[in-house]
Structures are given as C-alpha cells and as structure tokens.
Amino acid sequence: MAKILVAASAEPRSVLERVLAGHELCCAETVAQAELLLRKSAFDLIICTVIFDESRMFDLLRSVRATPEWQGIPFVCARVRT
C-alpha cells in the first residue's frame, strides 16, 4: 500500500479515489495545503491533476523539485475525465 498525495479539485479527486482504492490517500485542493501535507508526512507518490488550484499544477511541481526532501518523490501529472 502506497501513501499518495492527491492534489486535485473535488471532481477529479473522486475519480482518483475510486481508482486508487486500497492506498492511503491524503488530499489537497491548494498548493499551500499540498506543501503543508508534504512537510508533515512522507509520501511515496504525488498525483496532481491539471485542474488544480486554478491551474497551478506547475507551481506545485516547481516547489517539489526545489525542496531537497521532496525531490525524490515521483510526481505524476494527470488529466482526469469522469
């Protein structure tokens, strides 16, 4: 079971929750929420949807790649359709 940070708005998040059932998911709707979760816990994977915090997916990616403790976490960009 992987611990996954899901950075997504409500609609795509519900799809990802169904697809990723069985894994431990922590969800964030803003870059600030995602960064707070990353500071508090270790994650095996980050999944960030294109429609995230007013299209700020790349802001989160830049933050993850600029923080040494988070650089090794795989970052998956996703476009989710219901």
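The set of residues in segment 4-14 that are over 11 Å from the mean Cα position of the chain (by Cα) and closer than 14 Å to A34 by Cα is empty. Does any residue of segment 65-72 turn out to be of a type in the set (A, V, I, L, M), surrounded by 16 or more Cβ atoms within 10 Å (Cβ to Cβ) and at negative phi? No. Of the residues making up segment 33-58, those that are surrounded by 13 or more Cβ atoms within 10 Å (Cβ to Cβ) and part of a loop (DSSP other than H, G, I, E, B) are F43, D44, V50, I51, F52, D53, R56.
I'd like the residue in segment 15-32 that is in contact (Cβ under 8 Å) with a residue 12 or more places away in the chain and open to solvent by 40 Å² or more (accessible area, probe 1.4 Å) and, out of all such residues, is farthest from the chain's Cα centre (by Cα). Give the derivation first.
Of all residues in segment 15-32, those in contact (Cβ under 8 Å) with a residue 12 or more places away in the chain come to 15-16, 20, 22-31.
Narrowing the set further to residues that are open to solvent by 40 Å² or more (accessible area, probe 1.4 Å) leaves 22-25, 27, 29-30.
On the way: G22: 17, H23: 13, E24: 12, L25: 9, C27: 7, E29: 9, T30: 10 Å.
Step by step, filter segment 15-32, then rank; the result is G22.
The values are calculated or read from the model by the stated rules, or taken from the named source; none is laboratory data. All values derive from a computational prediction rather than experimental measurement. All Cβ positions, glycine included, derive from the backbone under ideal geometry; neighbour counts span all protein chains shown. Side chains are part of the model used for accessible areas, which takes the heavy atoms of the whole protein and leaves out ligands, DNA and RNA. Shrake-Rupley method; radii C 1.70, N 1.55, O 1.52, S 1.80 Å.
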